[in-house]
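Working notes, beginning with the structure itself.
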Amino acid sequence: MAVDIPDRLPPATSVGVLGWVRRNLLCPWYNALLSAATAFLIAKAAAPFWNWAVTNATITLDPAVAKRHTGAAWGFIREMWPVFMTGIYPAEERWRPLLALCAVLAVAGLTCVRRLRGAGWLRALWLTTPVLVFACIRGGGITGLPEVGTHYWGGLMLTLLLSVVAMVAAFPVSVLLALGRTSDMPVARPFCVAYIELVRGVPLITILFMASVVLPLFLPSDLDLDKVLRAMAGITMFFSAYLAENIRGGLQGLSRGQYEAADALGMGYWTKMRVVILPQALRIVIPPMVNNFIGILKDTSLVGIVGLVDLLQVAFATTSNPKWFGRLAEAYTFIAFWYWVLCYGLSGCSRYLERRIPSAGK
Amino acid sequence: MLGGFLWLAASMYRNTLENLRTRGIGSGFGFLRSEAGFRIGEVTGLPLPQGGFLYFLLSLAAGLLLSRLVARRLAPGRGGPLPGKGLAACLALSVGLPLLVLYAFRHSVEIVRYSESSSYLVALATGLANTFKVAALGCAGSTVLGLLVALGRLSPNWLLGTLCRWYVELNRNLPVLLQLFFWYFIVLRGLPGVAQSIDLGGWLVLNNRGLFLPALVPREGAWLFCGAVAAALCGVWVVLRRSRRMWEETGRPGRRALPGALLLLGLPALAWLAGGTPFSLDFPVLQGFNYKGGTGLTPEFTALVVGLTVYISAFNAEIIRAGIESVSRGQREAARALAMNERQVMRVVILPQAMRVIVPPLTSEYLAVVKNSSLAVGIGYPDFVSVGGTILNQSGQAVEIVGIWMGVFLCISLCISFCMNVYNARIALVER
Amino acid sequence: MHASENAPSAAATTGSTASSDTSVPSAPSAAGDRDVIIDIRGLNKWYGQFHVLKDITLQVRRREKVVVCGPSGSGKSTLIRTINRLEEHQEGTITVDGTQLTDDIRHIERIRREVGMVFQQFNLFPHMTILENVVAGPVHVRGMPRGQAEELARAYLSRVGIGEQAAKFPGQLSGGQQQRVAIARALAMQPKVMLFDEPTSALDPEMIKEVLDVMRELAEQGMTMICVTHEMGFAREVADTMIFMDKGQIVEYAPAQEFFTAPREERCRAFLDQILNH
């Protein structure tokens, strides 16, 4: 009778830290060369940045002291960070955006509690939050708060508002566009195809210019849209086309059987879409939609070109302050940090959802 | 629904007419003929074909048609390499003839350079040429850089792989406009001034006014020299073809290195001797407050090209990596089991399959380069959109300018997607 | 120290059983024997910390047909994949036709030229026609003129019964046909040994026979073959030697006759029962 040979451990050179280093960095010989070259490159690039950002940097609030250091003056960020967050929003009213943010986070947090999901009051809360946030930030009217017009909005707040509003507004439009493009209606289909292809073929900046200079011409002269609303309209127009293409992908990703089963039950077009097709299709396209949102978030930085002061443009506004004149590098580092954290976090979220949501229709 | 739609369109039209009237703006494209009057920082010459250019087009069409006939005649059916004489005839007809005609009528192509007294139309065309210049460089650069980063990520070296991964993560999660601002305001503005320029022996001068390189100035021998180089390249192509044919027929490749090198070095050298120095180098020299002569790349141009290249290269790297990884392990193993070496595995098995996955998203990245080059307006490079913006501000013809923008970009994107569809149809895998 | 390393005369052994075993079949002598084409000694392989192949010692003579069976995860595929270095091993030596398998790429390529392999998933190149698939090896690796290679390829394709389909693409063929093309592709390299890695496992039942017929014919013509398969009917008919593997070691090594009539190992008997009587 054969006896089982007991498991042994592999030779020491192939496992553990040593084996890992050997395999991944040193063997064969050109790999070692490559490692050395890469390490040199990293050191060469990282060292000046480290020196600037940490070694030679100061956090003093006194610009005169900061001038004596060769590195970054983080005191500038320390003093100016509320401006980066809200732009020229009046300082004494800054608690209002903060309150709005807290409210949104609280509702989002409640949604994360599994037990509460699907509760009616939570849905109602979600529907009322945007109105509350708008009322809270803008004030005026029945709220009794002093009114802060949209031309005072700016910074990260404006960036987030623009992208969230664009996403929320673009969603229904894009569902209609996607349905139109996949249907065989005589007028709607060519119109949807033309709209989607036109918008996807041109740069966002031309759409923004259109929204800011051409759109007012189309509207009755007594209706005056302000700059922020026009930018929102432009971004919404732009992204509804991209979103529509994603949703179309979801609609086409469903198996024919789903359509046929719904038809077999005698459902009409709208019932079929509302009850059977869209719930499944929209579920599949959640991860690409998150990626789309990342795109919106990055591209809202273009509104600076048509005169809004978003997170990116705050850099110019704050560094033209004579006290901290020309501290662009610090400003851009701070802004880049925010964009990067938001976008990277969202893309991690999209990857997580991609793993969790099984592709339906199988 | 349709009725509501029509009513909306009609009311928009009415509003527009009324608004235009109250603002005193005329409509129509007539304004394009009026004098521009503003300065454009970077002017690209526009080749404007005149009457003789027609002959070139005619000869090109005729040459292509004739060579096709010849090819049909000599190698009936598809496939089968052309015999040497037929090939020479085809080359002469389709390449040589049009080139000769172009040379004969070379004075018929007029180079128009924008000046302040030029029309809006020329200004827009100059902007478009600038856009194309940036886009071409951006596409090429981002592909090369993306390929390198993708190879780095695929390498078994952990350190290099991690570096490349973070390169990608950093670049694609930051807005491109932020990156352009970084290159323009931080890197290029941070360079030393003119007096303390970084100077590599006159060959490369870098300061905060831009990048200066020596320029090639053509002399009398230039035409002959260029012809010789073109002929040498054709010759090398013929040599490689012959070598390949011999390899397929006898299993041993024909001579490649020696005849190739002789052609490549010998012909241009002969042309040099016969026609005299073909080009002279014009070095940039410090005159007064700035460098004169040579080829100067403005900081705006440099920042735009570098910024776009770096931004898009992160996306391209991911596309290329995903494409190469999409080829299954089994394919690689099958090729290795046939004793192919790693180069052959890549060339014969992996790349042809990966290209099908890579090319479609890569073309949409190229389209993104063209579209993103419009961010030039943010750093003041006179591209198509930014020149258009200036005209819009001056003339107030908003509807027309936006219409021109959209039309031109739509044409470009339709051209690119048309090319891609043709390519896709050609390479689609045959399945049951 | 294991017995196998002291007893190179045993054709195949698994550690402790070797010395006590007297019924080892037709023991070929030492490695120097010209008749031995594949010589594996003291082979050990790990995936990370996991010990997949344990002290494998095995010799295959020219024209011998070896069938390897065993439960899934027993390391049988891994074993034949180490022979042409699709998997790297950590300990022991593998010698194929006098060439020792080392890290040296020239040795690896020399061995791969002599060893043909057929995969479970066919692994035909989908972007090439059937003919191009078969021609690829001889042209790119052996440097054969294309005309001659195509002639050879057509000969092999008609031998496996796919002569008329040469201009089609792999996607247009059925699984059985694809696997036969894969066999022709491996044969076109004119290898001395053929490795089959579960060649019929991915096929529909009605296609298994056509592939097995081709393999049977190949065996009759005297090809040296190592075959990982669960097709016991085929094994009984064709195999000279049977190997049963479990948990990374060779549990039973016997002439086919003896293996099927009187398996010595309990595990092996249970496995055969399971496979033959379901």
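Quick notes
- Whether chain A is rounded, prolate or oblate, judged on the alpha carbon gyration tensor where a/c under 1.5 counts as rounded: oblate
- Whole-Hz couplings from phi, Karplus 6.51/-1.76/1.60, listed for the range A:273-282; x for Gly and Pro: 5, 6, 8, 9, 6, 4, x, 6, 5, 5
- Rounded if a/c under 1.5, otherwise prolate or oblate - the range A:152-356, Cα gyration tensor axes: oblate
- Nearest-0.05 FRET efficiency for A:R189 and A:R117, computed from C-beta distance (R0 25 Å): 0.10
- Counted residue by residue at 0.36 nm each, then reduced by the alpha carbon distance between them, the extension gain from B:H107 to B:S155 reaches 12.0 nm.
- The alpha-carbon of C:K45 sits under 17 angstrom from the alpha-carbons of these lysines, leaving out residues fewer than 8 places away in its chain: C:K54, C:K76, C:K247.
- Projecting the Cα atoms of B:A231, B:L46, B:N290 onto the charge dipole of chain B, computed from C-beta unit charges around the Cα centre, puts B:A231 farthest toward the positive end.
- The range A:51-99-the range A:208-268 distance, computed between alpha-carbon centres (Å): 40 Å
- The sum of -39500 (n - 2.57) across all DSSP H runs of n ≥ 4, divided by the residue count of the protein assembly as shown, sets its helix-only mean residue ellipticity at 222 nm to -18000 deg cm²/dmol.
- Cβ neighbours within 10 Å from other chains - mean over B:397-406: 5
- Using a Gaussian network model of chain B in which every pair of alpha carbons under 10 angstrom is joined by a spring, one finds that among B:W183, B:W203, B:W405 the greatest mean-square fluctuation is at B:W203.
- Within a straight-line Cα-Cα reach of under 28 Å, B:K133 can be paired with the following lysines, leaving aside sequence neighbours fewer than 8 residues apart in one chain: A:K298, B:K292, B:K371.
- Neighbour counts of other Cβ atoms within 10 Å put C:R41, A:R23 in the fewest-to-most order A:R23, C:R41.
- Whether the range A:30-106 is rounded, prolate or oblate, judged on the alpha carbon gyration tensor where a/c under 1.5 counts as rounded: oblate
- For the range A:47-198, diffusion coefficient by Stokes-Einstein and Kirkwood Rh (Cα), 25 °C, 0.890 mPa s, µm²/s: 124 µm²/s
- Fewest-first sequence of C:T224, A:T129 by Cβ atoms within 10 Å of each Cβ: A:T129, C:T224
- Peptide B:152-163 - average C-beta neighbours from other chains (10 Å radius): 5
- Nearest-20 debye value, the protein assembly as shown charge dipole, Cβ charges on Lys, Arg, Asp, Glu: 1360 debye
- Distance from the C-alpha centroid of the range A:103-143 to that of the range B:260-302: 67 Å, rounded to the whole angstrom.
- The range B:93-198: trypsin sites (Lys or Arg not before Pro) in DSSP loop, at most 16 other beta carbons within 10 Å: B:R113, B:R189
- Span-like helix ranges in chain A, DSSP H, alpha carbon extent 27 angstrom or more, Kyte mean at least 1.6: A:155-182
- Set of the range B:98-130 residues, backbone N closer than 14 Å to the point 7 Å along the Cα-Cβ line of B:Y55: B:98-109
- Sorted ascending by nearby beta carbons within 10 Å, beginning with the fewest, C:M232, C:M117, B:M340 become C:M232, B:M340, C:M117.
- Charge dipole (debye, nearest 20) of chain A; +1 at Cβ of Lys and Arg, -1 at Cβ of Asp and Glu: 880 debye
- Percentage relative contact order, chain C, counting C-alpha pairs under 8 Å, at least six apart: 22 percent
- Here the Gaussian network model covers chain C, with springs between Cα atoms less than 10 Å apart; of C:Y156, C:Y253, C:Y47, C:Y47 fluctuates the most.
- When only alpha carbons are used to place a centre, the range C:136-173 and the range B:148-166 end up 38 Å from one another.
Bear in mind these aren't lab numbers, they're just calculated from the coordinates by the rules spelled out. From a predicted model like this one, the values you see are computed outputs, not experimental measurements. Quick reminder, even Gly has a Cβ in these numbers, built from the backbone with ideal geometry, and neighbours come from all protein chains shown.
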